[in-house]
Amino acid sequence: MRYFTFELIAAANDWVRKGTVARVEAEARLTSVTKKYQHQLERLESRVSREAWQFFRYGFGSESLHDARLLSLQVGDGLGFIADGKEPFQINRRRAALSIEFLNYEQNARYTFDLRQVSHLSCDLLVEKESYARSLGDLYIYELTAAGQELELGFLFASGATIVAQFGKLIFRKRRIKRSYELGEMYR
């Protein structure tokens, strides 16, 4: 993560219990970093779809992935290939791809990030040992940045876990879900 590091987020949220003055200073640093991030994001508008741009630039609160849960992370040279013996796997025509799916906190939208022409992937996924479920935990923040001719997409979880990928093309999808249960039922 280039802008939103775990240390910055932890201090701004007072996860590191250093007192009110330190937290106020950390919140000011977070505000400054957010402005710098949004400034660099403006230059990426032409490099992603309109829907993806709207999400990264204006997706806040219930339209964001804050506190979302990672549903799946798939990476490989053959995403979408069905190995049933009917067609050959075209070795020289496949490129590394990555698919990441999240369920938002309200559990009424599924977000999919399909990354094509992946050139780099770094994952540091930590299971929250203190939690009852021993899960990967909540997504805290994410960022889209330039990486030379490519783009970089990073996700930071409250546990400190990260997923960062460099790629050539982003296919972004958001699918609304009609929830038939009360939100509080997710804690049972």
Hey, can you tell me all the residues within segment 38-53 that are in contact (Cβ under 8 Å) with a residue 24 or more places away in the chain and surrounded by fewer than 16 Cβ atoms within 10 Å (Cβ to Cβ)? GLN40, ARG43, SER49, GLU51
Hits in segment 126-137 (condition: touching a strand residue (DSSP E or B) at 6+ places or on another chain (Cβ under 9 Å), closer than 21 Å to ALA165 by Cα and surrounded by fewer than 15 Cβ atoms within 10 Å (Cβ to Cβ)): LEU126
Subset of segment 114-155 that is acidic (Asp, Glu) and in a loop (DSSP other than H, G, I, E, B) - its residue that is farthest from ARG47 (Cα to Cα): GLU130
Search result, residues across segment 41-53 that are part of a loop (DSSP other than H, G, I, E, B) and charged (D, E, K, R): ARG43
Subset of segment 54-113 that is polar (S, T, N, Q) and part of a loop (DSSP other than H, G, I, E, B) - its residue that is surrounded by the most Cβ atoms within 10 Å (Cβ to Cβ): ASN104
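No lab work stands behind these numbers, since they all come straight from the coordinates. Note that the structure is predicted; figures quoted are calculated from it, not measured. All Cβ positions, even for glycine, are placed from backbone atoms using ideal geometry, and neighbour counts span all protein chains on display.
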